[in-house]
Amino acid sequence: MGTKRKQAEVSGNNATSDTTGQEVSISIDKSPANIQPVLATFLAAVPPVASSFSTYKYISNTKNDDCIVVSETDKVEYVGQNFENGKPLMNGCKYMIGIYDPKKDTVVFRQAPYVRVNTVIKSLKNSRGVAERTNQNQIMQARNDLGVEFGSKKQKAGIRAEERNKINMDNVRSDMDVIGASIEQRTSSMPTAQEIAKDNEKARPVPKYDPDAKTAAEIYDMEDVLSKSNAAFINALALAKVTDPEERKKLVPVRTDFVAKKIEQIVGQKKPDLALLRRVMYLAYLIKFVNIGRKAMQSRETCVRTLCCSPEIANVIFDKFADCVAGAANPDGSPVYIKTTASESKLMCHIFVLMLSLNSWILIPTEVAADLGMEVRTTMRYLESVGCKMETLSSSGDAATKGRKLATSNKKAVLKAPIKFPKANLRGKN
C-alpha cells in the first residue's frame with residue numbers, strides 16, 4: 001500500500017507536515033516547566049521502572065542551568081548531576097525531548113539537561129575512606145621498604161624503631177578482657193577523694209593541731225613544737241642571769257629584731273618566764289638553721305657549732321627538718337644530711353607558729369619579711385599555710401598592733417579558731 005508524503009514547510013519555530021493527508025504542529029517550549037524532563041545515563045544499576053526522581057536547581061556563581069536529580073530505594077541511592085568540576089558534562093550540543101499530543105496532533109520540544117547518575121549502596125556509606133586508608137598504608141609500607149633497602153643507617157634505624165612500636169590490633173582485641181580486668185582491679189584499690197583529702201591533711205607541714213579548737217592558743221600543740229623534755233637542754237637560766245645586753249647578744253645565734261625584743265621583754269621582768277625564754281631560743285636556733293648552707297649541713301658537728309646549741313637540740317632539729325641521703329657518707333663515715341623542699345616548708349611553718357605563739361597569734365607580714373630577709377608575698381603565703389587570715393591593719397586596733405606604723409601592704413596575719421587551711425599547701429617534692 002503506497003503512502004503519500006509532503007515535505008514540511010517550516011516557518012520560525014512552527015512547522016506543519018502532512019502524513020497520509022494529516023497535519024501535525026511542531027513547536028519548541030522555552031517557558032518554565034512544572035516538571036523538568038531530564039536525559040539520564042546510569043553508570044551502574046538501573047532503578048526500577050516505577051522509580052520517581054526529584055530535580056533540584058543548583059545555585060552557583062556562574063551557572064544558572066545546573067541541576068541535580070536524586071532518588072532512592074530501600075538499599076540504593078541514585079544521585080546525578082549535569083556538571084562536573086564547575087563545567088557542564090556536555091559541551092557543543094544540547095538534547096531535546098519531544099512530547100506528542102495525539103488529541104491535538106502537536107509535538108512540543110523542550111530542552112532536557114543531560115545528567116550522569118551514580119549509584120550509592122546504603123550499607124557501604126559508613127565504610128567510605130577504607131580504600132583511601134588502605135592505599136595510604138600501602139604507600140607507607142612501600143616507602144619503608146625503599147628506606148630499608150636504600151636508606152642511610154639512621155633512616156633504617158628509625159624505620160625499625162617505628163615497626164617495633166606498631167600496635168597489633170589483633171593481639172589487643174584478644175587481650176581486651178585481661179586489660180579490662182586489670183584496670184578494674186587497679187581502680188578498685190585506688191583511694192577515694194575523701195581518703196586523699198584526709199591524707200593531704202595529715203601531710204601538711206605544720207605541727208599537730210586541733211581543728212575543733214575554740215581559741216587560737218588551743219589550735220597548735222606546742223608540746224609537739226618543742227617538748228618539755230627537749231626544752232630542758234636549752235640553758236635559759238644562764239641567759240636570764242646576764243645583765244649586759246651586749247653580752248646577752250653573744251649567746252643568741254641570730255640577729256633579728258623579733259628575737260631580740262622578745263628576749264628583752266622576758267628578761268626585763270622581775271621573774272623571767274624561763275619556758276617562754278627557751279621557746280624564743282629554740283626559735284633562734286631554727287632561724288639560724290634556715291641559713292645553714294648545703295656544705296655545712298653534711299656534718300652535724302659543724303651545725304652544732306654554728307647553731308651554738310647543745311647536741312641534743314641539734315639532734316631534734318636534724319630529726320625534724322633534715323633528710324638523710326641514702327648511701328652517702330662523710331669522710332669520717334657519718335651520714336650526709338640535706339634540706340629538701342618539703343623539709344624547708346615544714347621548718348618555715350614551725351618558725352611562724354613559734355612567732356605567732358610569742359606574739360598573741362598576730363604578725364605583721366611586712367615586718368616579719370624584713371626581719372627574716374624574705375619576700376612579703378612568700379611570708380604571707382607561709383602565714384596562710386599555717387591557718388592565718390589576712391586582715392586590714394588598723395593603728396587603733398588591738399594591743400599587739402597598737403602604736404605601730406601602718407605597713408605598706410596594710411595587712412596583718414591573725415590566727416583564729418576554728419582553723420581553716422588553704423586548699424593548696426606548701427608541701428613540695430623531695
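The values are calculated or read from the model by the stated rules, or taken from the named source; none is laboratory data. Every value quoted in this text rests on a predicted model; they were computed, and no experiment measured them. Every residue, glycine as well, gets a Cβ built from its backbone with ideal geometry; the counts of neighbours run over all protein chains shown.
Scan the range 265-283 and tell me whether some residue there is under 43 Å from the mean Cα position of the chain (by Cα) and surrounded by 14 or more Cβ atoms within 10 Å (Cβ to Cβ). Checked the range 265-283: at least one residue is under 43 Å from the mean Cα position of the chain (by Cα) and surrounded by 14 or more Cβ atoms within 10 Å (Cβ to Cβ). Considering only residues of the range 106-124 that are among the charged types (D, E, K, R) and either surrounded by 14 or more Cβ atoms within 10 Å (Cβ to Cβ) or touching a helix residue (DSSP H, G or I) at 6+ places or on another chain (Cβ under 8 Å) (or both), which is nearest to Val24 (Cα to Cα)? Across the range 106-124, the extreme among qualifying residues is Arg110.
Which residue out of Ser174, Ser152, Ser182 is modelled with pLDDT under 70 and among the hydroxyl-bearing types (Ser, Thr, Tyr)? Don't jump to the end; show me each part of the working.
Numbers: Ser152 fails: modelled with pLDDT under 70; Ser182 fails: modelled with pLDDT under 70.
Going through Ser174, Ser152, Ser182 in turn, just one is modelled with pLDDT under 70 and among the hydroxyl-bearing types (Ser, Thr, Tyr): Ser174.
Of the numbered criteria (1) in contact with a Ser or Thr (Cβ under 9 Å, 6 or more places away or on another chain); (2) touching a residue at least 40 places away in the same chain (Cβ under 8 Å), the one Phe321 fails is (2). Of all residues being among the small types (Gly, Ala, Ser) and assigned to a helix (DSSP H, G or I) in the range 279-315, which is nearest to Met374 (Cα to Cα)? Just the residue, please. Once the filter is applied, the top-ranked residue is Ala284. Regarding Phe258, is this residue under 14 Å from Leu358 (Cβ atoms), surrounded by 11 or more Cβ atoms within 10 Å (Cβ to Cβ) and not β-branched (Val, Ile, Thr)? Judged against the criteria, Phe258 is a match.
Reported count of residues in the range 216-272, each being in a loop (DSSP other than H, G, I, E, B) and of a type in the set (Phe, Trp, Tyr), is 1. Return a yes/no flag: does the range 405-418 have any residue that is of a type outside the set (Ser, Thr, Tyr), modelled with pLDDT under 85, outside any helix (DSSP H, G or I) and closer than 24 Å to Thr215 by Cα. Within the range 405-418, not a single residue is of a type outside the set (Ser, Thr, Tyr), modelled with pLDDT under 85, outside any helix (DSSP H, G or I) and closer than 24 Å to Thr215 by Cα. Return yes when Leu239 is modelled with pLDDT under 85 and aliphatic (A, V, I, L, M) and no when it is not. No, not satisfied.
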